[in-house]
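Below: one structure, written as structure tokens.
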Amino acid sequence: MSDEKHVDAIVVGAGFSGLYMLKKLRDELGLDVVLFDKAGDVGGTWYWNRYPGALSDTEAYLYVYSWDKELLQDHAITHHYANQPTIIGYLKNVAARHDLRKNIVFNTGISSAIYDEKNGLWHVTTDKDDDYTCRHFVTALGLLSASNVPNIEGRETFKGQSYHSAQWPEGVNLEGKKVGVIGTGSTGTQIITAIAPVVGALTVFQRSAQYTVPAGNGPVAEEYEKAIKENYDEIWEGVWNSSLGFGLNETSRSLHDVSEEERDAIFQQAWKKGGGFRFMFETFGDIATDEVANKYAQDFIRRKIREIVKDPVTAEKLCPKDLYAKRPICDSGYYSVYNQDNVSLVDVKANPIKRITPNGILTEDGVEHALDVIIFATGFDAVDGNYTKFEVRGRGGKDLKEHWKEGPSSYLGMFNNGYPNMYMVLGPNGPFSNLPPAIELEVRFISDLIKHAEEQGFATVEATGKAVSTWSDACDEIAHMTLFPKAESWIFGANIPGKKNQVYFYMGGIKAFKEALERTKLNGYEGLTLTYANVEKAG
Ligand code: FAD
Ligand code: NA7
């Protein structure tokens with residue numbers, strides 16, 4: 001074991017969250033900071049998710065930071081949505097412009113973080129056995145970052161190649177191959193649409209059919225880009241005053257207040273324009289809250305599926321029967337892929353996967369689907385998934401896994417009780433929204449708080465137990481005003497066997513979240529306890 005090094009702050013994760021955190025703590029607070037990531041470069045999500053078709057479904061001009069105003073002008077907007085190479089290019093540019101790499105240690109995971117109460121320090125150990133101490137420990141581990149590879153019997157016996165979408169290596173060639181894709185979420189639909197034209201044969205193993213609408217992606221005109229760049233201040237103002245931060249005209253119009261013709265025309269217009277969040281939130285204000293309104297949206301999409309997919313049996317398999325209340329997704333021609341001769345669909349709810357064999361996938365009906373490649377587009381152990389993968393111990397040596405055994409919780413998505421000076425960016429019960437704006441709000445709040453603590457000489461910052469439970473109750477209450485908890489998805493932990501099915505997000509929106517943070521600060525960091533070395537000052 002090497003000698004222990006001391007720094008002011010450690011940040012874990014080099015995605016949107018960690019990079020901004022590093023910039024703030026180092027350049028504005030003047031702290032000595034080191035950032036670790038097990039990845040080989042910056043990018044987080046976009047370092048790992050290099051699968052064919054990987055695309056953000058936030059409009060490209062809002063899948064960026066608002067704070068680097070010069071870069072907002074310099075960064076080219078070529079398409080409505082940014083693909084993986086564009087986003088990684090953007091984040092690499094951020095790292096270069098702000099000289100962030102010199103404080104980052106890549107290819108290095110954090111294996112433990114243990115709080116030393118006596119000295120008010122975190123002891124952090126890497127998977128290279130390097131030991132550090134720091135006063136401030138920031139986790140920016142990502143909420144869609146811990147891959148879920150289902151434990152399907154025989155997985156290790158497969159003789160071909162297999163990849164999870166979020167562990168996609170460079171140089172995979174699928175041309176002419178027999179490929180099986182398990183999973184039809186946002187990722188699965190992107191992969192399927194992208195690879196169908198190049199693979200020899202594609203077999204899709206679908207457990208739940210998805211409601212997906214056209215993305216409406218494509219190149220943008222020069223005037224479009226110019227108009228965005230001229231109006232960025234106003235655009236961001238709109239984001240901070242919105243619920244979702246996606247740059248939509250979020251509507252409160254009820255579906256029940258329009259005629260049938262008008263309703264269909266509004267849906268049709270949104271379908272034509274494209275965008276998953278747009279279809280759900282710009283058409284009517286009650287699709288996500290009212291089952292009857294929701295049913296009309298479902299019916300519209302099902303009608304589209306039946307129109308697009310020529311084979312009626314396949315079309316029926318593709319028609320979801322449940323609520324339209326998962327994260328809304330969009331695609332670049334997903335349903336029409338099933339009109340290709342080389343594509344087939346297996347409904348694994350009706351005909352489950354029995355096991356993976358050396359040559360492919362065997363389903364209950366006795367058919368062995370011969371495959372060269374299996375792609376797991378099976379999603380993530382979302383939100384707290386990375387927090388359970390290493391040892392985090394707070395006051396009294398309490399393991400975070402134990403602390404969260406009834407389900408993960410936080411105050412404002414960022415703070416725990418019993419874990420002083422540990423700050424989570426996008427921790428449990430943070431905003432459900434376009435994420436860069438949510439990240440910015442959290443990073444700025446944490447950075448301001450650390451600045452305040454440093455200036456006032458506070459040794460520790462920690463949420464009260466009451467603040468955590470009040471915030472958790474609020475998140476629970478707000479989520480249950482929507483239909484989302486009634487649909488089984490990663491948003492509520494339903495996709496991972498054995499995972500606690502609960503509310504993992506604050507669904508009150510960006511504006512309300514921002515106001516909650518402002519109120520907290522104005523009230524002297526209410527809900528947080530700030531202590532001098534031995535004396536407590538209630539927040
Ligand atoms: P991440 O980008 O996930 O970065 C976390 C980093 O932490 C990773 O690099 C990981 O290696 C590192 N890490 C974790 N644990 C450790 C450890 N123990 N030691 C060292 N390093 C560790 N959001 C949107 O708002 N709009 C979209 O359109 C959108 N599209 C998406 C598409 C895909 C395919 C996926 C997977 C996610 C998408 N998201 C989208 C969500 C996306 O994750 C966020 O927008 C954003 O990138 C999160 O940034 P982050 O820095 O918080 O986390
Ligand atoms: P998702 O949305 O969780 O989708 C994962 C898919 O994989 C989904 O269709 C699952 O079916 C399926 N799945 C998971 N496990 C299995 C097993 N064991 N057998 C068969 N099928 C399985 O993850 P994504 O990566 O697509 O998207 C996550 C988010 O990232 C997305 O919302 C964007 O925000 C970016 P299920 O629906 O659970 O029945």
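Structure notes:
- With R₀ fixed at 30 Å, the C-beta to C-beta distance from S344 to K272 puts the FRET efficiency at about 0.55.
- Largest to smallest principal axis extent of the C-alpha atoms in the chain, angstrom: 72, 57, 45
- Of all lysines in the structure, the ones whose alpha carbon falls short of 25 Å from that of K354, not counting any fewer than 8 places away in one chain, are K159, K177, K178, K317, K321, K499.
- The range 382-539: C-alpha gyration tensor shape, a/c 1.5 cut-off, then a/b vs b/c: oblate
- Protection proxy ranking of 237-246, 431-440, by the mean of other Cβ atoms within 10 Å over each peptide's residues and highest first, is 431-440, 237-246.
- Counted charge near P85, where neighbours are those whose Cβ lies closer than 15 Å (Asp, Glu -1; Lys, Arg +1): 0
- Inter-centroid distance (Cα atoms) of the range 390-468 relative to the range 345-382, Å: 40 Å
- Within the shell defined by Cβ-Cβ distances under 12 Å, the residues around A270 carry a net charge of +3, with Lys and Arg each +1 and Asp and Glu each -1.
- Annotation: lysines with alpha-carbon distance below 24 angstrom to K118 (same-chain offsets under eight excluded): K5, K398, K401, K451, K537.
- Three-way shape label, the range 60-167, alpha-carbon gyration tensor, a/c 1.5: oblate
- Part-to-part distance (alpha-carbon centres) for the range 253-309 and the range 1-78, which is given in Å: 36 Å
- Of the whole protein surface, Y525 contributes about 10 Å² of accessible area at a 1.4 Å probe radius.
- Rounded to the nearest 20 debye, the dipole size of the chain about its Cα centre is 880 debye, using +1 on the Cβ of Lys and Arg and -1 on the Cβ of Asp and Glu.
- For A54, distant residues with modelled amide H under 5 Å away: Q84
- S336 paired with K102, simple spin-label distance in nm, labels 7 Å along Cα-to-beta-carbon: 5.2 nm
- Per-residue 3J(HN,Hα) values for the range 363-370, derived from phi via the Karplus relation 6.51 cos²θ - 1.76 cosθ + 1.60 with θ = phi - 60°, read 9, 4, 6, x, 7, 9, 7, 6 Hz in sequence order (x marks Gly and Pro).
- Taking amide H as placed 1.01 Å from N in the peptide plane, Y81 has its amide H under 5 Å from the amide H of A60, G218, each at least 5 places away in sequence or on another chain.
- Anchor K23: aspartates and glutamates whose Cα lies under 18 Å away (excluding residues fewer than 8 positions away in-chain): D8, D32, D37, D41, D68, E70, D99, E440, E442, D448, E454
- Each residue, A459 and Y532, gets one label point 7 Å from its Cα in the Cβ direction; the gap between the two is 1.1 nm.
- Near V94, once Lys and Arg are set to +1 and Asp and Glu to -1 for all other residues with Cβ below 10 Å from its Cβ, the sum equals +2.
- If you sort the three axes of the alpha carbon gyration tensor as a ≥ b ≥ c, you get a/c of 1.5 or more for the range 1-99 and a/b no higher than b/c, which makes it oblate.
The values are calculated or read from the model by the stated rules, or taken from the named source; none is laboratory data. For clarity, every value in this text was computed on a predicted model and none was experimentally measured. Here the Cβ is made from the backbone with ideal geometry for all residues, glycine too, and neighbour counts use every protein chain on show. The protein model used for the area step is the full one, side chains on, heavy atoms only, and it has no ligands, DNA or RNA in it. Shrake-Rupley method; radii C 1.70, N 1.55, O 1.52, S 1.80 Å.
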